[in-house]
1. Only one of the values (i) 14.9; (ii) 10.0; (iii) 13.9 was calculated from this structure for mean projected area of the Cα convex hull in nm²; name its label.
2. Carbon and sulfur together cover what percent of the accessible area of the chain at a 1.4 Å probe radius?
3. For each pair in Lys63/Lys167; Lys18/Lys45; Lys45/Lys155; Lys49/Lys144; Lys94/Lys155; Lys48/Lys158, compute the distance between the two Cα atoms and list the pairs where it is over 30 Å.
4. Tell me the net charge near Glu55. Cut-off is 13 Å between Cβ atoms, Glu55 excluded, with +1 for each Lys or Arg and -1 for each Asp or Glu.
5. Plugging the Kirkwood radius over Cα pairs into Stokes-Einstein for the stretch 1-56, at a temperature of 37 °C and a viscosity of 0.692 mPa s, what D comes out in µm²/s?
6. How much area per residue is accessible in the chain when the probe is 1.4 Å and only protein heavy atoms are counted (Å²)?
7. Find the relative contact order for the chain and round it to a whole percent, using C-alpha pairs within less than 8 Å whose residues are 6+ positions apart.
8. In percent, what relative contact order does the stretch 1-56 have, based on Cα pairs under 8 Å that are 6 or more apart in sequence?
Amino acid sequence: ADLVIRRNQLLSMQTMEKNRLQILPKHLAMTIKPILTAFKNQIKKTEKKIVVLIESCPEYQAKNEILQSMPGIGKIASASIISNLPELGYITNKQAAALVGVAPMNRESGRYKGHRKIQGGRAQVRTVLYMAMMSAMQCNPVFKTTYQRLLAEGKPKKVAIIACVRKMVVILNSMLRDGVLWDAKTA
């Protein structure tokens, strides 16, 4: 978890420096380029440490293999799930969706009927899975068809993406629970 958090911190600092690079005068831009190179090197080193750690532990290695078998889940998404969502595979699908923060919550009181919205959960995992879903919608036919169906039903794009992320969480939870690799036919 510490390595994943550190990688996110480095990425955040790298983004800040890239933003500064765009607004600084040319003669000061040269002071930022070495810093960006240092961030890039540190991010690579941190990612290597994450991979080594996952490969050194049989439990993490097994989870990693199962998670990465799903198209759209890469090594970073897998590491984030393993470190920040260790409960996945041991809880119900509803609990998993709520823990990530992609379960729709009712906003009702008395006669007031509000819209169902997502809330709470682990924001870092939700962000990583959102980005993984952007990739999965391109290469994974299950999520691509689900997304297209939701759009055809008139759902806004972000709502459709979050619904697909919820489906991804449910499938990943089931895969880890049963110890099976991705199979598009059963999803």
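1. (iii)
2. 57 percent
3. With Cα atoms farther than 30 Å apart: Lys45/Lys155; Lys49/Lys144; Lys48/Lys158.
4. On the way: positive: Lys48, Lys49, Lys63, Lys75; negative: Glu47, Glu59, Glu65.
Residues close to Glu55 contribute a combined charge of +1.
5. Translational D for this selection: 269 µm²/s.
6. About 61 Å² of surface per residue is accessible.
7. Computed value for the chain: 23 percent relative contact order.
8. 53 percent
The values are calculated or read from the model by the stated rules, or taken from the named source; none is laboratory data. No experiment lies behind these values; they were computed from the predicted model shown. Note that each Cβ is placed from the backbone with ideal geometry, even for glycine, and that neighbours are counted across all protein chains shown. Note: accessible area is taken over every heavy atom of the protein model, side chains too, but ligands, DNA and RNA are not part of it. Shrake-Rupley method; radii C 1.70, N 1.55, O 1.52, S 1.80 Å.
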